[in-house]
Amino acid sequence: MKPLPTQQPPISSSLSRRRWLHVVGQTAIGLPLAPLLSWQQVFGQGAQGADRLEPLNRFPRMVHNHFVARVRKLHHDSLQEKSALQTQADAEAYVQSVRKKIRQCFGPEPERTPLKSRVTGIVERDTYRIEKVIFESRPNFPVTANLYVPAGRTLPLPGVVGTCGHSPSGKADKSYQSFAQGLARLGYVCLIYDPIGQGERLQYVDEDGADKFRGPVHQHNHIGNQQLLVGEFFGMWRAWDGIRALDYLLSRDEVDPNHVGVTGNSGGGTMTTWLAALDPRWTMAAPSCFVTTFGRNMENELPADSEQCPPKALALGLDHEDFIAAMAPKPVILLAKEQDFFDVRGTEEAYQRLKRLYTLLGAKENIAMFVGPTTHGFSQENREAMYGWFNRATGVSDVQTEPELKLEEEKTLWCTSGGQISELNPRTVFDFTQEKSQLLANARGTVEPDNLLPLVREVLQLLPPTEKTPPYQILRNFSNRNYPRPHAVTYAVQTEPDIWALVYRLANQRRFSRPPRAGKKAILYVSHHSADQELRSDEWLRELIEASPDEASPDMPCFACDIRGIGESKADTCEDSSFESFYGSDYFYAAHSLMLDHPYVGQKTWDVLRVLDWLKSFGHTDVHLIAKGWGTLPATFAALFSELTTQVTLREALTSYQDIAESEYYDWPLSTLLPNGLAHFDLPDCYRALRGKLTLRLL
């Protein structure tokens, strides 16, 4: 077995130590600050040989099965609603209802500010020209785009907005150039633009203008996760660029406003789907390699970008097809691939339900599906299906095959001189996020303890409190785990019907049975990543536990727990060893939690509360709650609601959500963040409410 890698601290890397002290020290919230610890003290060397043991993980599919069941239940309820549609009036009412729900997910449109568009260059070709366009979708937030304009045609012509997938080169990617050029050769004016974080619109660049991250997905998630704290949805930011692209396209005299379409592949298929629902001006659409069902993606362990996971979508009963239904009965073709990771079975299911809806609306000929034989991508056969569909809607051409193409070098298509919009000193998404965080802080002020609990409960979407003691299982002992006490027994505490928190009871005497009643006092440790590993390797935790017995309680019970998704239930899904990845299993379930309108940290807080209820059933009403890293957040929130916690010790805790929102670079994961939390409260408000029993230990 390999030694376990050293874990990096889950802190906001852009914050200085001085900033940490200012935020959590006595001047900020009036709480005692424990001495700073060295790296050796923080991570420790552990007991000899302990770090060679693999962390225990006996429930690796628990979280995945839980989410699959939740998504299936909501999908079943949605199908029941759709199957009840019987008349045209029913169908029309349904279309109106999904439009309202989609707006709930995406939020209101921002102000439609001046585009300030300009053409920075023109490339003349045989049957068309390419104009290099820059317009502003928001003030000082430029979008780089190429406008393909056919030559020698009678004007006006149909227009198409092209949206790109996750190509680092954005609009210059070969397959995306291909469809834009193909449309122009057939007689369409096509505007294709760079998405945020791609092509000429990198948000995080080094001094040479290169991407500081590992490609578009990493940029998107870094932006999108942070935005959630201030109540923004990155999908709306992405879609707003597309809506303003349509504004620009319609400003051109060459374009017929009666025929405007949208198409794109993969991430561009996502944007095509979202745009179809959000703007009524589209007259046709062709999303490629995206539309399936949320349920298929969930079952198939397929993570999706921040912008592909609309908040509350699942809770509201929405699925991919509903975003197309919002455009009904206008012409739409679903383009899919037989060998795509976006499951074509879901595409077929979506198509059949849309076909029934369109039939009720008297327009069954306006919905179609094409499945190409190959793998993911906007390949020629899918592009030709798109051309044919748009030709059918507009009558601009009867050509069914793609014209001969001559693709350009990336540099030829640049709208800027050096290939990056950063040379114009624009605002970044982070600038807007930081500004909104500061506005929310000023509006929010200090939240008094008496007002805090209802806000926390609402934001976390905590389940209603219950007086029932949770059931539990007694698991078989493992020996020689090198814990701070010689013996341990594991209990699986059921916090929801299919969710268990794994709790170790450490003791000086061996047990195989239920916990004894051993006085009011107890310790409960909430782990960062793995209670089993941290009990063995964390010297600070070991010393705290070993020092805990006193004369009144020589064998004070000490419990350590893994709440859902951590340690003993760390998912083995998505990809091998992907748990801490920006696109891995922990992110996957956190993103679905947002779509379920049930933040992951709220679910974890519920687990801590139920474990505390379980301890109470054995007489432990004086609990010292200890947590580390990621575990400090559910522990903090649980301590607000539980009268059992008489002491709280948080180590490597987050200073504030405001610090995340206002730090350009941060490394706390989505699973620890709260959607729109900063509109209501921040962590210092919680720490202040725990004054008198809280000790913060920070790096």
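Values in this text are rule-based calculations from the coordinates and carry no lab data. Since the model is a prediction, treat every value here as computed from it, not as a measurement. Counting neighbours? That spans all protein chains shown, and the Cβs are built from the backbone with ideal geometry, glycine included.
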Roughly speaking, what is the stretch gain from Asn65 to Ala89, that is 0.36 nm per residue apart minus the C-alpha to C-alpha distance, in nm to one decimal? 4.8 nm
Förster radius 30 Å - calculated FRET efficiency between Asp622 and Gln509, Cβ distance, rounded to 0.05: 0.90
With each label point set 7 Å from Cα along the Cα-Cβ vector, what nm distance links Ala679 and Leu453? 2.4 nm
Qualifying trypsin sites (Lys or Arg not before Pro) for segment 272-321 [loop in DSSP, other Cβ within 10 Å: at most 16]: Arg281
Any idea what angle helix 216-228 forms with the longest principal axis of the chain, computed on alpha-carbon atoms, 0 to 90 degrees, nearest 10? 60 degrees
Need the full-extension length gain, Leu250 to Lys468, defined as separation in residues times 0.36 nm minus the C-alpha distance. One decimal, nm. 72.4 nm
Considering only DSSP beta bridges with both partners in the chain, what is the antiparallel share in %, to the nearest 5? 45 percent
Which whole-Hz ³J(HN,Hα) couplings does segment 687-694 yield from phi under the Karplus relation 6.51 cos²θ - 1.76 cosθ + 1.60, θ = phi - 60°, glycine and proline marked x? 4, 5, 5, 9, 3, x, 10, 10
Between segment 594-656 and segment 130-198, how far is it from one alpha carbon centroid to the other, in angstrom? 50 Å
What are the ³J(HN,Hα) values, in whole Hz, obtained from phi via the Karplus relation 6.51 cos²θ - 1.76 cosθ + 1.60 with θ = phi - 60°, for each residue of segment 526-538 in sequence order, with x given for Gly and Pro? 9, 6, 7, 10, 7, 4, 4, 5, 5, 5, 8, 10, 9
Segment 637-699: trypsin sites (Lys or Arg not before Pro) in DSSP loop, at most 14 other beta carbons within 10 Å: Arg691, Lys693
Which FRET efficiency, nearest 0.05, do Gln339 and His487 yield, Cβ-Cβ r, R0 45 Å? 0.25
Residues with amide H under 5 Å from that of Thr144, placed H, sequence gap 5 or more: Asp194
Using the eigenvalues of the Cα gyration tensor, what equivalent ellipsoid semi-axes result for segment 607-699 when each is taken as the square root of five times the eigenvalue, whole Å, largest first? 25, 13, 12
Run the quick spin-label model on Leu302 and Ala363: label points 7 Å from Cα toward the beta carbon, then report their separation in nm to one decimal. 2.7 nm
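Just the Kirkwood number for segment 88-436, please: inverse of mean 1/r across all distinct Cα pairs, in Å, one decimal.
Hydrodynamic radius (Kirkwood, Cα only) of segment 88-436 equals 20.1 Å.
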Quick check: the angle from helix 174-186's long axis to the longest principal axis of the chain, C-alpha only, nearest 10 degrees? 30 degrees
Enter the Cα centre distance for the pair segment 389-451 and segment 503-528, rounded to the nearest angstrom. 54 Å
Report Rg (one decimal) and Dmax (nearest whole number) for segment 288-346, counting Cα atoms only, units Å. 11.8, 33
Does anyone have the angle between helix 632-641 and the longest principal axis of the chain? Alpha-carbon axes, 0 to 90°, nearest 10? 70 degrees
Here, chymotrypsin sites (Phe, Trp or Tyr not before Pro) of segment 631-699 satisfying both criteria (DSSP loop; at most 14 other Cβ within 10 Å) are Tyr665
Under 5 Å between amide H atoms, partner at least 5 residues away or on a different chain: which partners does Gly372 have, H built in plane at 1.01 Å? Ala336, Lys337, Glu338
Any chance you could run the full-extension gain for Asn480 through Glu408? It's 0.36 nm times the residue separation minus the Cα-Cα distance, nm to one decimal. 19.4 nm
Can you compute 3J(HN,Hα) from phi for each residue in segment 81-94, using the Karplus curve 6.51 cos²θ - 1.76 cosθ + 1.60 with θ = phi - 60°, rounded to whole Hz and x for Gly and Pro? 5, 5, 5, 7, 6, 10, 10, 4, 5, 4, 5, 5, 5, 5
In deg cm²/dmol and to the nearest 500, what is the mean residue ellipticity at 222 nm of the chain if only DSSP H runs of at least 4 residues count, each as -39500 (n - 2.57), divided by the residue total? -11000 deg cm²/dmol
